[in-house]
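The values are calculated or read from the model by the stated rules, or taken from the named source; none is laboratory data. Everything numeric here is computed off the predicted structure, so don't read it as measured data. Don't worry about glycine lacking a Cβ; one is built from the backbone with ideal geometry, like all the others, and counts go over all protein chains shown. When the accessible area is computed, the model is the full protein with side chains, heavy atoms only, and any ligands, DNA or RNA have been set aside. Shrake-Rupley method; radii C 1.70, N 1.55, O 1.52, S 1.80 Å.
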Amino acid sequence: MILGNLASSVGNVVGDITGLNKPSKNTITGSVVIVKKNVLDFTAVHSTVADSLFELLGNQVSLQLVSAENPDPANENGGKLGKLAALEYWNLTYTPLLAGDDSLYKVSFEWDEEFGIPGAIILRNNHTAEFFLKTITLENVPGEGRIHFVCNSWVYPDRRYKKPRIFFSNKTYLPHETPAALRKYREEELQVLRGDGTGQLKTGDRVYDYALYNDLGDPDKGADLARPVLGGSAQYPYPRRGRTSRPPSKTDPKTESRLFLPNILNVYVPRDEQFAHLKLSDFIAYNLKGLVNQIIPLLEAFVNYTPNEFDSFKDVDNLFFNGLPLPTDLINQVANNIPLEMMGEFFRSDGQQLLKFPVPKLIEDRSNPFAWRTDEEFGREMLAGLNPLLIQLLKEFPPVSNLDPQVYVNQDSSITKQDIEYNLDGLTVEEALSRKRLFILDHHDTIMPYLQTINEYTEAKTYASRTILFLRGDGTLKPVAIELSLPKMEEDKIGCVNKVYTPAEHGVEGWIWMLAKAFVNVNDSGHHQLVSHWLNTHAVIEPFVIATNRQLSVVHPIYKLLHPHFRDTMTINALARELLINANGIIERTFCPGKYSLEMSSVIYKSWNFMDQALPNDLKKRGIADGDIKSLDDLDRLLIKDYPYAVDGLKIWFAIEKWVRDYCSFYYKTDEMVQRDPELQAWWKELREVGHGDKKDEPWWPKMQNLEDLIQSCTIIIWIASALHAAVNYGQYAYGGYFPNRPTLSRRFMPEKGTPEYAELEKNPEKVFFRIMSSQLQSLIVITVVETLSNHASDEVYLGQRTPNWTTDAVPLQASDAFNRRLAEIEGEILKMNIDKKLKNRVGQVNVPYNLLHPTGEIGISGKGIPNSISI
C-alpha cells in the first residue's frame with residue numbers, strides 16, 4: 001500500500017519541487033554526485049523506501065551556500081548563508097544496482113551579487129539513511145566560473161550531528177590566509193573532529209582520538225590470553241592507536257573489552273576512515289573476516305582428516321601445482337558454511353575437490369626448482385626480498401653484543417677467523433674488513449632477551465642468530481658463517497652458548513647448513529612481520545593519521561599533501577588488532593615469538609628514531625652508504641652497488657622529496673611562516689607529545705621551526721606510508737608463500753651428532769626438516785594469510801595518483817604532474833635494470849624480478865606497485 005501511494009504521488013510532488021528550484025537569472029546551478037547506501041549495502045532496501053517517503057513529506061537533502069567574501073554579524077561573523085536548496089528528483093533519479101556506480105543529482109541556488117563567491121556548502125541529510133557524498137560542483141559562478149567541492153565523505157542523518165555538515169571548496173589556505181567569512185567554520189570543523197575525549201563512539205561518528213594498545217588481550221577468557229598494555233610506560237612504550245571507546249574488560253579494568261568475530265567490522269573507526277571501496281569483491285576486510293571465521297576452521301578440519309605433517313618438498317609443491325584432495329566428508333561438512341565465492345578465492349578448483357594455492361613466484365620457474373635453496377638466493381633476499389632493511393656492514397670481528405652488561409655476560413660472537421677465512425676469495429679477515437666486504441644479519445640482541453621465555457613457554461624451539469656474509473666481486477652476498485645461540489645462566493647474569501655453522505652442500509652436513517639458514521629465516525620472518533612491517537609502517541603511521549585530522553583543516557596545504565597517504569590505514573590497523581596481532585591471533589599462532597610477539601615489538605620501539613626512517617639516513621646508519629647520500633649523484637657511495645631495495649628506494653625517495661619541496665615551498669616562502677602557522681605547530685606538538693608520546697623527549701625530533709624541517713618530515717611520512725610499506729608487504733606471497741623458504745616457526749632444536757634425531761636426518765632429511773619447522777596447519781594458515789595480504793585491489797590508488805580537482809593552485813598541480821612524470825621514468829629504469837645480466841641481484845637464480853618499488857602495479861598478487869597508503 002505504501003509503495004502504491006508513493007508511486008501515485010510522485011507526479012504531483014515533482015511539480016512542486018521543480019517549481020521550488022526553478023532556475024532564474026539569479027541562480028547558480030550545481031551537480032551533486034552521491035552513492036546511496038543501498039548501492040553499498042543490499043540489505044538496506046528499507047532505507048530506500050523510507051527516504052522516498054521523507055522526500056514526499058518535504059524532508060529532503062538540503063544544501064546551503066556559505067559566502068567566502070561576506071561575513072554576517074548575525075552568524076557570529078561566519079559567512080553569509082544562502083537560502084536552502086534541495087536536491088532535485090531524488091525519487092526519480094536512477095539508482096544503479098552495481099556497487100561503484102554513482103547517482104548524479106542537480107541543485108539550484110538563489111544568488112545575488114551581495115552574497116559574493118561561495119566558499120563552503122552546508123549540507124543536511126533529512127533522510128533516514130546515510131549516503132556517500134563524492135563531489136559537489138557549482139557551474140557558472142559569477143566572477144569565478146566553476147567551483148569544485150571534493151567531499152568523499154559519509155553523510156548521516158542530520159539529527160546525528162551537533163552541527164550540520166560543511167564542505168569547503170577545493171581552494172587551499174594557510175590559517176592566516178583563510179577568508180574571514182570562513183574562519184569560524186574552519187575552527188568549528190576541527191573541534192568536531194577532535195571531540196572532547198569522552199563518551200562512547202558510535203558508527204558514523206567522526207571523532208579522531210588516541211588510546212593505548214590495551215585491546216590486544218582478552219583476560220575475560222582466561223589468564224593465558226592476558227597481554228600487557230603497550231604504550232604509556234617506560235617498560236612498554238608504543239605509538240598510540242585510534243580510540244574505540246569500548247568498555248573495560250571485567251577481569252582487568254586496564255584492558256579494553258573485545259568484540260566477538262561476528263561483529264568484527266563494527267569496531268569504531270572514524271566513518272570516513274573506513275573502507276570506502278565500492279567493489280565488495282575486493283574488500284579485504286571481508287576476506288580477512290572470512291579467513292578467520294571459515295577458512296582456518298576448514299584448514300583445521302583438513303589437517304584432522306589427514307596426516308598433520310608434510311614429509312617432503314614434493315608434498316608442499318603439490319599444494320601449488322597439483323592440489324591436495326579434500327575428503328568428500330569434509331567438503332560436505334563445511335559446504336553450508338563457506339560461500340562459493342570464498343571457496344573460489346582461497347581454494348581454487350578445476351572441477352575437482354582440491355586444496356590448491358597460486359604458485360608463488362619463487363618456484364614458478366621449474367627449470368631450476370631448487371634455486372631457492374642456494375646460498376646465493378639466501379644472500380640475495382637480504383637485498384631484494386621481503387626484509388631488505390637489516391643487512392649492515394660488519395665493522396669489527398668477531399661481532400660484539402650491545403646488551404646491557406649489568407644483565408648479560410659473554411654475549412659476543414664465537415665465530416673465528418678459521419671459520420670464515422677460507423671462504424673469502426683469498427682475502428684475510430682484516431683485508432675483508434678494511435675493504436668493507438663483510439656484512440652481518442644480526443638477530444642476536446633482539447632475540448636473546450626473550451629466548452629463554454619463548455623456548456620454555458611457547459611451542460617454539462629456536463635460537464638467537466648471527467649471519468656473516470661476504471660481498472663477492474660479482475656483487476652478490478655469500479653467507480660464510482651462521483652462529484646459533486642459546487641462553488645460559490652464569491651466576492646471576494645471562495650468558496649464552498654459541499655454535500657456529502659453515503657452508504656445506506652435500507650429505508648430512510649440507511642439510512645441517514640448510515637447517516641453520518632456516519633457523520635464521522625463522523628469526524627474520526618474525527622480525528619482518530612484527531617490526532619491519534607492523535611496527536615500522538602500520539603502527540608508527542597511525543598517530544600521523546589521527547593528528548593530521550585533528551589539527552590540520554581540510555583546506556590546509558599540508559593536510560592536502562598528506563591525506564592521500566592515510567587512506568584505509570586506521571581501518572586495516574583496527575582489523576589487525578582484532579584478527580592478526582591479538583592474543584592467540586594469527587601472528588601469535590604462526591610466528592616464533594608466539595604470545596610475546598607484540599611485547600617484543602614494544603621493546604624494539606625503544607630504539608625507533610623518526611629521522612632514521614629516511615632512507616638515506618637508514619643506509620648510512622647501517623654502514624651500507626659510505627657517507628651521506630644527498631642526491632642520486634651519490635649512488636656510488638653504496639658499498640653494495642647491486643642492492644635493488646636501496647637503488648630503487650633512493651630513486652623513489654628523491655622523487656618524493658622533490659615533490660614535497662616544490663609543494664611546500666609554494667605555500668611557505670619563509671621559515672617564519674612555518675613558525676607562525678598555528679595549525680602546523682599544534683599538529684607537530686601533538687604528534688610528538690601524544691601520538692608518539694613515549695618518545696616525546698627524544699632529541700632527534702625536528703623542531704618544525706623552518707621549511708627544511710617540514711620538507712624532511714613530510715617526505716619521511718609519505719615514504720613510510722607508501723614505498724616502505726610496499727617494500728615489506730607486497731612480496732610476502734612471492735617469497736613467504738612457499739614457506740620452506742621462509743619458515744615462521746621452529747618446533748625442535750638442531751639435531752646433534754649421536755642423537756636419534758641426527759640419525760633420522762641422515763636417513764630422511766626432508767621429513768626431519770618439516771618436523772623441525774612449522775607444522776602443516778601453521779604453514780597452511782601462513783600461506784592463506786600472506787596470499788590475502790599480498791593482493792592489490794582493483795581500486796588501488798598508486799603513488800602520485802590524486803583525486804581530480806584536489807586543488808586550484810597551478811604551481812602545486814604542475815609539481816604533481818612533474819612528480820608523476822618522474823615516477824614513470826623510474827618505472828622504465830627499473831625495467832631496464834631487471835634485464836641487465838650484470839646485476840645478478842635484480843632477478844637471481846629464482847628468476848623473480850625486483851618490482852616491489854615499481855610505482856604502478858597490477859591487480860592481484862603481482863608483487864608490483866606502490867600504493868599511496870597502508871591499505872592492507
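Assuming R0 = 25 Å, what is the FRET efficiency of residue 489 and residue 752, from their Cβ-Cβ distance, to the nearest 0.05?
My answer for the efficiency is 0.75.
In whole percent, what relative contact order does segment 390-528 give with Cα contacts below 8 Å and a gap of six or more residues?
23 percent
How much mean residue ellipticity at 222 nm does the chain get from its helices, if each DSSP H run of length 4 or more adds -39500 (n - 2.57) and you divide by all residues, to the nearest 500 deg cm²/dmol?
-10500 deg cm²/dmol
Tally up the carbon and sulfur contribution to the accessible surface of the chain as a whole percent, 1.4 Å probe, everything protein left in place.
51 percent
Between residue 801 and residue 89, 0.36 nm times their residue separation minus their Cα-Cα distance comes to what?
253.0 nm
Give the peptides 754-763, 445-454, 62-71 in descending order of average Cβ contacts within 10 Å, highest first. If you can, show how the numbers build up before the last one.
Working: 754-763: 12.9, 445-454: 18.9, 62-71: 21.1.
Order by mean packing, descending: 62-71, 445-454, 754-763.
Working out 0.36 nm times the residue gap between residue 428 and residue 641, then minus their Cα-Cα distance, what length gain in nm do you get to one decimal?
74.4 nm
A 20 angstrom limit on the alpha carbon distance is what I want to check against. Which of 106/134; 832/864; 630/864; 436/620; 80/184 exceed it?
630/864
Give me the distance between the Cα centres of segment 191-222 and segment 443-495, rounded to whole Å.
Using only Cα atoms, the two centres lie 39 Å from each other.
Along the Cα-to-Cβ line of residue 472, 7 Å from the Cα, sits a label point; which residues in segment 360-374 have backbone N less than 19 Å from it?
368-374
Please report the net charge: other residues with Cβ closer than 13 Å to the Cβ of residue 460, K and R +1, D and E -1. Don't skip to the end; give the middle numbers.
Numbers: positive: 461, 589, 595, 747, 748; negative: 456, 459, 588.
With Lys, Arg at +1 and Asp, Glu at -1, the net is +2.
Compute the length gained on full extension between residue 404 and residue 177: take 0.36 nm times their separation in residues and subtract their Cα-Cα distance, giving the result in nm to one decimal.
Gain in length upon complete extension: 76.4 nm.
Keeping all protein chains in position, work out how much accessible area residue 511 exposes to a 1.4 Å probe, and write it in Å² to the nearest 10.
50 Å²
For segment 380-445, which trypsin sites (Lys or Arg not before Pro) pass both filters: DSSP loop (anything but H, G, I, E, B) and at most 16 other C-beta atoms within 10 Å?
Sites meeting the loop and neighbour criteria: 395, 435, 436.
For the pair residue 794 and residue 452, what calculated FRET efficiency results from E = 1/(1 + (r/R0)^6), where r is the Cβ-Cβ distance and R0 = 60 Å, to the nearest 0.05? Intermediate values should be presented prior to the final figure.
On the way: r = 48 Å, r/R0 = 0.79.
Here the calculated transfer efficiency is 0.80.
Put one equal scatterer on each alpha carbon of the chain, apply the Debye formula with no solvent term, and list log10 I(q)/I(0) at q = 0.07, 0.09 1/Å to two decimals.
-0.60, -0.96
Ranked from the most accessible area to the least, with a 1.4 Å probe and all protein chains present, what is the order of 113, 76, 708?
The residues order as 113, 76, 708, largest area first.
With a 1.4 Å probe and all protein chains in place, put 146, 771, 577 in order of accessible area, largest first. Can you show the working numbers first?
On the way: 146 145, 771 45, 577 5 Å².
Sorted by accessible area, descending: 146, 771, 577.
By DSSP, what percent of the beta bridges with both residues in segment 390-528 are antiparallel, rounded to the nearest 5?
95 percent
What ranking of 458, 128, 178, 251 comes out by heavy-atom accessible area, probe 1.4 Å, highest first?
Putting 458, 128, 178, 251 in descending order of accessible area: 251, 128, 458, 178.
So for the pair residue 697, residue 250, with labels modelled 7 Å out along Cα→Cβ, what separation do we get in nm?
Between residue 697 and residue 250, the label points sit 4.1 nm apart.
Relative contact order, percent, of the chain when contacts are C-alpha pairs under 8 Å separated by at least 6 residues?
13 percent
With every protein chain left in place, what is the accessible area per residue of the chain in square angstrom, probe 1.4 Å?
Roughly 40 Å² per residue, with all protein chains present.
What distance in nm separates the simple spin-label points at residue 603 and residue 421, each placed 7 Å from Cα in the Cβ direction?
Going by the 7 Å Cα→Cβ label model, 3.6 nm.
At what distance in nm do the modelled label points of residue 370 and residue 764 sit from each other, each positioned 7 Å from its Cα along Cα→Cβ?
1.9 nm
Per residue Cα convex hull volume for segment 159-266, in cubic angstrom?
Taking only Cα atoms, segment 159-266 has a hull volume of 159 Å³ per residue.
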